[in-house]
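Novice: Before we start, here is the structure in question, set down as structure tokens.
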């Protein structure tokens, strides 16, 4: 039910996961996202019982940056792209404030927000409307890939994130990415190599990261290229299958009968 509070029990006490909109949110990925593997080990989960499979990105569609820019009134400014459901924990408020800071420093930038609205975002954007802010809501796959092609930076500064496929989609188009410094995202983005990380909730750090990438195109291109290599190495579907097979093999090594661990 909406607003239900869930917890996991361990031998040494109760580990709260916090409020969730749906019981579907109570899963292993969200536990790792909120707690991290190191903390799970501290709480008594044996390291060899923790298998983080992650996911992969589907192949990108051929895309047209000019077509997307026509959709946002032909703007030729560098685009910061957010893609995801517009919940507060996704960092929407910090991102809008950060882009505003960047623009006040005379750095050209506009913000594109793609993804389903929420009651929070509808209230927030009713009070925060700017000529440089483009709210597209839900879009089709082609428009999504056109937006990625047109973007200069892909930014998802979530305070909680089970994985963050958006980063992989950005890398598939050779774009640098920015995320929050939380356990799961730190396992996806290599700071300073495939993207930048900022403290969750810090508009100031987010503005500095955006400005750094927009004013240093060679660094942005290098991080985007490194991300594309990381995508091929760690986040292809073949690598996901290998990790799944390794996890099953580890279980069977513990219990060859396959009846349990």
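Novice: FRET efficiency for residue 215 and residue 65, Cβ-Cβ distance as r, R0 = 35 Å, nearest 0.05?
Specialist: FRET efficiency, residue 215 to residue 65: 0.95.
Novice: Can you pull a Stokes-Einstein diffusion coefficient for the range 162-217 at 10 °C (1.306 mPa s), Rh from Kirkwood over Cα pairs, as a whole number of µm²/s?
Specialist: Values: Rh = 11.5 Å.
Estimated via Stokes-Einstein, D reaches 138 µm²/s.
Novice: With a 10 Å Cβ neighbour count serving as the proxy for reagent exposure, in which order, fewest first, do 96, 177 appear?
Specialist: Lowest count first: 96, 177.
Novice: Then there is this: Could you give the length gained by full extension between residue 232 and residue 253, i.e. 0.36 nm per residue of separation minus their alpha carbon distance, to one decimal place? Numbers along the way, then the final one.
Specialist: Values: separation 21, 0.36 × 21 = 7.56 nm, distance 2.92 nm.
Between residue 232 and residue 253, full extension yields an extra 4.6 nm.
Novice: In bins 10 Å wide, starting from 0, what share of all Cα pairs of the range 65-234 does each bin hold, as a percent?
Specialist: 11, 43, 39, 7, 0
Novice: So if we plug the beta-carbon distance of residue 104 and residue 193 into 1/(1 + (r/R0)^6) with R0 = 22 Å, what FRET efficiency do we get, rounded to 0.05?
Specialist: 0.15
Novice: Within 10 Å, count the other beta carbons around each residue, average over each peptide in 151-159, 235-243, and list them highest first.
Specialist: Values: 151-159: 24.1, 235-243: 13.9.
Going by the mean number of other Cβ atoms within 10 Å, highest first, we get 151-159, 235-243.
Novice: Further question on the same structure: Output the peptides 66-77, 208-219, 178-189 sorted from most to least packed, where packing is the average of other Cβ atoms within 10 Å over each peptide's residues.
Specialist: Those peptides, ordered most packed to least, come out 178-189, 208-219, 66-77.
Novice: Just to confirm my numbers, what's the Cα centroid distance between the range 200-236 and the range 75-98 in Å?
Specialist: So the separation of the two Cα centres works out to 15 Å.
Coordinate-derived values only; no laboratory data. Small disclaimer: the values here were computed from a predicted structure and weren't measured. Counting neighbours? That spans all protein chains shown, and the Cβs are built from the backbone with ideal geometry, glycine included.
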